[in-house]
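Here the structure comes first, spelled out in structure tokens, and everything after it is commentary.
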């Protein structure tokens, strides 16, 4: 048995209504954590090791790669087996109950109470969305993208795994609302707009807006915003603007963030694009 204390590295990101944490442990002995309770819902992804919780009066095994959900206000404790034979990492989220209640109400289009879940979720699609939320927040993506991925995660969890699963109503036509949002995103491409702001503009719930926008435009609002920003960035680069300035003027967090998204959509880095544009412009007619 390894009696050396395990080293732990904790990374954390806070956003409106939720907190994300990543715990990375080396092998060794871990200080046991007593029973405790959170006001928030607690989500935990067992990335590379199985886990264990004492919850609702009994011990539960959490398979490697599973997502667990501890309900708001319920007593729980992690495993009493505190010797890690190999490194382990866990991705956590603490979420405001009001956020889940609001998502449930938007799905059903009527007031709903707090959703209840079984402890373990093994759905790979839901887990991938959960991982995507972590990456999105850690990379300081736009507020609109963070809002959208969070809402997608909550609505997928609630519609698939909440007790008494809510029924999603058929999609209603709302083209004028979609066009208002589209025009706003084009006019305010550099602004860090929130999904709630667009929903108010459309006079729709956030959930309904995301659904109808995707149906009408083929992509979600945050993807559309990113494309508008990149198109504007291309125009600025062809005028010889410095890359850092272009990143700032088109609403990206920093030059690294801008360059990553630019290459994803254009296929080359901004520097490459700038050089090629200058070569074309410098050629005699």
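The values are calculated or read from the model by the stated rules, or taken from the named source; none is laboratory data. Since the structure is predicted, the reported quantities are computational estimates derived from the model, not experimental observations. Heads up, the Cβs are rebuilt from the backbone with ideal geometry, glycines too, and the neighbour counts pull from every protein chain shown.
The number of residues in the range 209-225 that are in a helix (DSSP H, G or I) and touching a helix residue (DSSP H, G or I) at 6+ places or on another chain (Cβ under 7 Å) comes to 10. Assuming residue 199 fulfils every condition listed in (1) assigned by TED's automatic domain parsing to the domain that holds residue 21; (2) without any contact (Cβ under 8 Å) to a residue 24 or more places away in the chain; (3) surrounded by 20 or more Cβ atoms within 10 Å (Cβ to Cβ) apart from one, which condition is it? Status for residue 199: all satisfied but (1). Only one entry of 114, 179, 153, 185 meets the criterion of being in the same structural domain as residue 22 (by TED's automatic domain parsing), modelled with pLDDT of 95 or more and either in a helix (DSSP H, G or I) or within 14 Å of the chain's Cα centre (by Cα) (or both), and that entry is 153.
Exactly one of (1) outside any helix (DSSP H, G or I); (2) touching a helix residue (DSSP H, G or I) at 6+ places or on another chain (Cβ under 7 Å); (3) free of Cβ contacts under 8 Å to residues at least 40 places away in the same chain is unmet by residue 168. Its number? Unmet for residue 168, out of (1) outside any helix (DSSP H, G or I); (2) touching a helix residue (DSSP H, G or I) at 6+ places or on another chain (Cβ under 7 Å); (3) free of Cβ contacts under 8 Å to residues at least 40 places away in the same chain: (3).
This table checks each residue for (1) in contact with a helix residue (DSSP H, G or I) (Cβ under 8 Å, 6 or more places away or on another chain); (2) loosely packed, with under 15 Cβ neighbours inside 10 Å.
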site: 103; (1), (2): yes, no
site: 107; (1), (2): yes, no
site: 110; (1), (2): no, yes
site: 113; (1), (2): yes, yes
site: 118; (1), (2): yes, yes
site: 122; (1), (2): no, yes
site: 128; (1), (2): no, yes
site: 134; (1), (2): no, no
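Within the range 25-51, the set of residues being more than 17 Å from residue 9 (Cβ to Cβ) and in contact (Cβ under 8 Å) with a residue 60 or more places away in the chain comprises 43 only.
Could you check the range 38-65 and list, in sequence order, the residues that are part of a loop (DSSP other than H, G, I, E, B) and out of contact with any helix residue (DSSP H, G or I) (no Cβ under 8 Å at 6 or more places or on another chain)?
Of everything in the range 38-65, those that are part of a loop (DSSP other than H, G, I, E, B) and out of contact with any helix residue (DSSP H, G or I) (no Cβ under 8 Å at 6 or more places or on another chain) turn out to be 38, 47, 48, 49, 50, 56, 57, 63, 64.
Within the range 202-233, if we keep just the residues that are surrounded by 22 or more Cβ atoms within 10 Å (Cβ to Cβ) and closer than 13 Å to residue 152 by Cα, the residue that is nearest to the chain's Cα centre (by Cα) turns out to be 222.
Being farther than 30 Å from residue 188 by Cβ and exposed (fewer than 15 other Cβ atoms within 10 Å of the Cβ) is a description that applies to residue 86.
So that you can scan it fast, the table gives a plain yes or no per residue for (1) modelled with pLDDT under 95; (2) within 23 Å of residue 157 (Cβ to Cβ); (3) within 24 Å of the chain's Cα centre (by Cα); (4) surrounded by 16 or more Cβ atoms within 10 Å (Cβ to Cβ):
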position: 4; (1), (2), (3), (4): yes, no, no, no
position: 12; (1), (2), (3), (4): no, yes, yes, no
position: 17; (1), (2), (3), (4): yes, yes, yes, yes
position: 24; (1), (2), (3), (4): no, no, yes, yes
position: 30; (1), (2), (3), (4): yes, no, no, yes
position: 34; (1), (2), (3), (4): yes, no, no, no
position: 41; (1), (2), (3), (4): no, yes, yes, yes
position: 46; (1), (2), (3), (4): no, yes, yes, yes
position: 54; (1), (2), (3), (4): yes, yes, no, no
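For the condition modelled with pLDDT of 95 or more, touching a strand residue (DSSP E or B) at 6+ places or on another chain (Cβ under 9 Å) and more than 26 Å from residue 167 (Cα to Cα), residue 100 does not qualify.
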